[in-house]
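See structure below.
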Amino acid sequence: MSEHKTIDVAATQMLDRAKEIGFLTTFDRAKAQEPRCTFGNTGICCRICLQGPCRILPKKPGGNKGICGAADYTIVARNTVRYIAGGAAAHSDHGRHIAETLLHVAEGKLHDYKVTDPDKLVRVAKRIGVETEGRDVMAITKDVASAALAEFGRVDETQELTWINAYTDEKRLDLWRKTTIMPSGINLSLAQLLHQTHVGTDSDPVNIIFGGLKAALCDIDGQHLATDLSDILFGTGVPVVTEANLGAIKADKVNIALHGHNPLLSQMVVNAAKEMQDEAKAAGATGINLVGICCTGNEVLMREGVAIATNFATQELAVMTGAMDAMVVDVQCIMPSLRSAAECFHTKIVTTMPIMKIPGSYHFAFDEHNAINSAKEIIRLAIEAYKNRDASKVSIPEIKNTVVAGFSLESILNIFGKINPENPIRVLVDAIEAGEIKGIASLIGCNNLKGTHDQNHTAIAIELAKNDVFLLAGGCSAQAHALAGMMNGEAVKKYAGEGLKKFFARLNAAAGLTTELPLMFHTGSCVDYSRQQDLVNMLAKEMGVENHEVPYVVSAPEAMSEKAVAIGSWNVAYGNPTHVGVIAPTVGSQLVNDVVTKIAEDVFGGFFFWEPDALKASERLVEIIEERNWKNAMRKKARDAKAAAE
């Protein structure tokens, strides 16, 4: 077996197969890019105007600044916040699309979609100030959808974004106002940031970074409304038991992969597949099998229990099994190389969104007015492809693991509520204050082939669990744990520290589930990270501390996309220490790097730190949690002493 840059045995088998047939995968292309450009890696390459690109050479007279005179700190700051703008645009545009669909449901224009979770609709409506008393569901739905859409086009800078305002405590909001990063409109903030970083505009790195943080807050606002409205449309996730890895692909079935980030069509494919099993059987298959890749996969996993095939870096390998009849893609994190991989087999690559096409693929234009019919057409294309499948090319690794997922905030609180019905969040607080668990960590992010695929994701999770840290996971990071067999009850027995085991034992005894709880709670796709922040906000309130004092950390071991930069930035603005497992393109400027890794803590309580080594990163994350616990204990001791003296 050849040596590959992944810890996934199934992926390794498929990479060997790719080598046999002469297909160059993303792993080969990553190696071919070495050595990486030092200027680009450190953020000191500027391509904002056509005089460049300019590269900063600190010791070269004249070369130590760009042609326009921009210093390293200006260039690095500009490059960094433009990542944030791209990420926030992606997440918020996703949310806008969901909001438009919900509005059209409320207006009676769509028949394939409905309000699936009216209880969540009412909760969200009350939270954002929409009247619910005595009103019917569609009237409330229209106002909630309209409020979401208003987040995008608002130009009155005296107003503030509704969602982050409704879900964030007043002290944090005041801090954002004082630092001028509180946004009013998503489109406005992104446009202003691109203007701010145009050649000849802002050269103050701190001011540029604050503009970036305003865009990052737009990112979580777009994420939050996308999650809320998706739950309203498709249902809020509850615990489900399924499986993960390439072994979830079935040789005797029509296999369709749902890939990307937008659930509007993928949910329709799930619904249609339930009705079309007989058509697949008529073609000689035993039925239709759906699997997920990336965050569209996470969406249908959370709500429907659809198995995970793989994550971002290994998406080509699902095609390499020779049994993938169609791969349906929407937006974000979809490799153009999928079409090249499909040429080696019978697989149909189906694009569905107007802003995402791949030359040579099939394009089924998504039409929300005929969504179920579009889904059926795609499934029929997959059934026809199945008829042309070459059995001699089928090679599916017999590797899969049990996965327990579906942990929306509501389902987490429901589990805690089995122990404390009156105040569910108190269960987590009690466990922290008793020292049973040290704190909480969110494991998030993408894949990045600058390191070994999935290795740091799983290594950090193991170390944190051993140190009694309660784990949340989402995005491709969650899929890494699922693929590795770490998202089930057996993983608790294998990896959890004694305190964490006791905590899970108590939850298992009370929850009444048919299977044991997993080592980490899968909260959904990368657009769903607001679920994690909402939990932290609740913890802060219950503990009587501010956000930046909660024993909570974030780790993105393989950060890759612009979305990851935006996510990390709003986490820092919320006061969350955020680990990134690749060296960020800020190190080209000592000033900018110090701002995001040190000075940010003084202002917001959160900060970034870069650490590619999983063990060192884990040690630092545990130290941060322990330090916050110690400070909280000292504050409590001081309060108790003061109360006793009075």
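The values are calculated or read from the model by the stated rules, or taken from the named source; none is laboratory data. Model, not experiment: these values are computed from the prediction. Cβ coordinates were reconstructed from backbone atoms using ideal geometry, including for glycine residues, and neighbour counts include every protein chain displayed.
Data table
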read-out	value
In the range 333-346, the residues that are within 27 Å of His94 (Cα to Cα) and assigned to a loop (DSSP other than H, G, I, E, B)	Cys333, Ile334, Met335, Pro336, Ser337
Residues of the range 194-230 classified as assigned to a helix (DSSP H, G or I) and either of a type in the set (A, V, I, L, M) or surrounded by fewer than 24 Cβ atoms within 10 Å (Cβ to Cβ) (or both), total	17
Count - residues of the range 115-131 that are without any contact (Cβ under 8 Å) to a residue 60 or more places away in the chain and either buried (at least 16 other Cβ atoms within 10 Å of the Cβ) or in contact with a Pro (Cβ under 6 Å, 6 or more places away or on another chain) (or both)	5
Qualifying position, being surrounded by fewer than 21 Cβ atoms within 10 Å (Cβ to Cβ) and either farther than 30 Å from Ser230 by Cα or at pLDDT below 95 (or both), among Gly86, Gly22, Gly108, Gly43	Gly22
Residues located in the range 588-646, provided they are touching a strand residue (DSSP E or B) at 6+ places or on another chain (Cβ under 6 Å) and small (Gly, Ala, Ser)	Ala617
Single residue of Thr180, Thr132 found to be of a type outside the set (A, V, I, L, M), outside any helix (DSSP H, G or I) and under 30 Å from Val587 (Cβ atoms)	Thr180
Some residue of the range 297-310 being in contact with a Leu (Cβ under 7 Å, 6 or more places away or on another chain), in a helix (DSSP H, G or I), closer than 24 Å to Thr227 by Cα and among the hydroxyl-bearing types (Ser, Thr, Tyr)	no
Odd one out for Ala375 among (1) over 23 Å from the mean Cα position of the chain (by Cα); (2) of a type outside the set (Asp, Glu); (3) more than 13 Å from Leu258 (Cα to Cα)	(3)
The range 243-271, residues that are of a type in the set (S, T, N, Q) and either assigned to a loop (DSSP other than H, G, I, E, B) or in the same structural domain as Val527 (by TED's automatic domain parsing) (or both)	Asn245, Asn262
Residues of the range 392-444 satisfying the condition of being touching a Pro at 6+ places or on another chain (Cβ under 9 Å) and assigned to a helix (DSSP H, G or I)	Ser411, Ile412, Leu413, Asn414, Ile415, Phe416, Gly417, Ile432
Any hit, the range 460-472, residues being small (Gly, Ala, Ser) and touching a residue at least 60 places away in the same chain (Cβ under 8 Å)	no
Which numbered condition Gly260 fails, given (1) surrounded by fewer than 24 Cβ atoms within 10 Å (Cβ to Cβ); (2) at positive phi	(1)
Condition check for Glu151: surrounded by 19 or more Cβ atoms within 10 Å (Cβ to Cβ) and assigned to a helix (DSSP H, G or I)	yes
Residue match in the range 569-590 (condition: over 19 Å from the mean Cα position of the chain (by Cα), outside any loop (DSSP other than H, G, I, E, B) and surrounded by fewer than 24 Cβ atoms within 10 Å (Cβ to Cβ))	yes
The range 154-177, subset outside any loop (DSSP other than H, G, I, E, B), basic (Lys, Arg) and touching a residue at least 12 places away in the same chain (Cβ under 8 Å), residue surrounded by the most Cβ atoms within 10 Å (Cβ to Cβ)	Arg172
The range 327-375, subset in contact with a Lys or Arg (Cβ under 9 Å, 6 or more places away or on another chain) and of a type in the set (Phe, Trp, Tyr), residue surrounded by the fewest Cβ atoms within 10 Å (Cβ to Cβ)	Tyr362
Checking Gly445 against (1) surrounded by 24 or more Cβ atoms within 10 Å (Cβ to Cβ); (2) more than 29 Å from Gln332 (Cα to Cα), the condition it does not meet	(2)
Criterion violated by Ala323 - all others in (1) buried (at least 22 other Cβ atoms within 10 Å of the Cβ); (2) under 26 Å from the mean Cα position of the chain (by Cα); (3) in contact (Cβ under 8 Å) with a residue 60 or more places away in the chain satisfied	(2)
